[in-house]
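Just below is one structure, and these are the notes that go with it.
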Amino acid sequence: MKLWKSNHCTIYQVLNGRSNSFLISNQNTSILVDTGRKNSWETLTLQIDKLLGKNNLSNLILTHTHFDHAENASKIKEKYDSKIILHGRETEYLKMGNAPLPKGNNGVTRFLIDVIGKKMESHYSYEPVDPDILIDENYSLNNLGFNVDIIHTPGHSNGSISVIIDDSIALVGDTLFGVFGNSVYPPFADDTKILIKSWKKLLNTHCSLFIPGHGKEINRKLLESQYYKYSKD
C-alpha cells in the first residue's frame, strides 16, 4: 500500500487503478477522500478496517460527485457513521445519485461523452445519500485535529474541491490527471478556463506534491510548467 507522510498526518492510498481513494489519519481519527466504484467496495473496506484499528472514520470528503468517485458514499456513511463533506454546488447530484458527465476535451473524449456516454447514462447512477457538511470556497478541519484545508477548485466539475494537508500535500480529485506522463491535463472537464485558474490556486499553496484521483502523484515543477503552458493559450 502506498503512503505519504506530512508533518502531522499519514496518507494511505486505499484504492488505485480505475480510481484512487485515500485515507488521511492522525493519532485519533481518519478521513476518507473519495470512494471509488461499486465493484471496489470489498477492497476499500478491507483496507479501511485494517488501517482504522480502534479509531473511527469521522468524515468522507468527496472531491466531486461523478460515479467513479462517489458510488460507495452511501454505504460508507452507513457502515462507519461518517459525515459527508461536499461542495454546495454538488449537493443535488449526490442526493439524486447521478451527476452529469463532464465534457470531453479532445476528439476521442468528446465522442465518448456525446455518443457512448449519453447512451450509458443510466449505468452511472448510484445510491443517493444526503451530505452533512457543505463548503463554499474553503473549509478547515482543525476542529478534528487535522491541519487540513479544503479549497474550491472548479473546472472539471462546478463543485470540485481539493484537500490541502499540512500545506505540503494536496489530494486534487480530477483537477489534475496523473495518467499521461508529462501532462496533467484532464481528458474531461466542464470548463477548461476555470480549470487552469484552479491550477493557480493549487500553486498558491506551499504544496510540493499533488495526488490526483487517477494515476500517479504530480510534483510542483510539472504542475508549474503545465500551468504556464495552458494559461497562455
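To keep it simple, each residue is scored yes or no on (1) under 20 Å from N138 (Cα atoms); (2) part of a loop (DSSP other than H, G, I, E, B).
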site	(1), (2)
N7	no, yes
G17	no, yes
I24	yes, no
Q27	no, yes
S74	no, no
K77	no, no
T91	yes, no
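The requirement of being closer than 19 Å to T153 by Cβ, at pLDDT 90 or above, among the aliphatic types (A, V, I, L, M) and assigned to a loop (DSSP other than H, G, I, E, B) is fulfilled somewhere in region 61-71, by at least one residue. On the given criteria, is H156 under 15 Å from the mean Cα position of the chain (by Cα) and not in a strand (DSSP E or B)? Yes. Counting only residues that are open to solvent by 30 Å² or more (accessible area, probe 1.4 Å) and either among the polar types (S, T, N, Q) or modelled with pLDDT of 80 or more (or both), region 84-131 holds 18 of them. Within the set G181, G173, the sole residue that is under 22 Å from W4 (Cα atoms) and either of a type in the set (S, T, N, Q) or within 13 Å of the chain's Cα centre (by Cα) (or both) turns out to be G173. Taking every residue in region 125-150 that is within 16 Å of T63 (Cβ to Cβ) and pairing it with any residue that is of a type in the set (S, T, N, Q) and assigned to a strand (DSSP E or B), at least 6 positions away or on another chain, the pairs with Cβ-Cβ distances below 6 Å are D149/N138; D149/S140.
Taken over region 132-163, the criterion of being in contact with a Cys (Cβ under 8 Å, 6 or more places away or on another chain) and crowded, with 22+ Cβ neighbours inside 10 Å is satisfied by F146, V148. Mind checking which residues of region 164-190 are of a type in the set (F, W, Y) and crowded, with 17+ Cβ neighbours inside 10 Å? Result: F177, Y185, F188.
The values are calculated or read from the model by the stated rules, or taken from the named source; none is laboratory data. Given the structure is predicted, the values throughout are model-derived calculations rather than measurements. Neighbour counts run over all protein chains shown; Cβ positions are idealised from the backbone, glycine included. Surface areas here come from the heavy atoms of the whole protein model, side chains and all, with no ligands, DNA or RNA. Shrake-Rupley method; radii C 1.70, N 1.55, O 1.52, S 1.80 Å.
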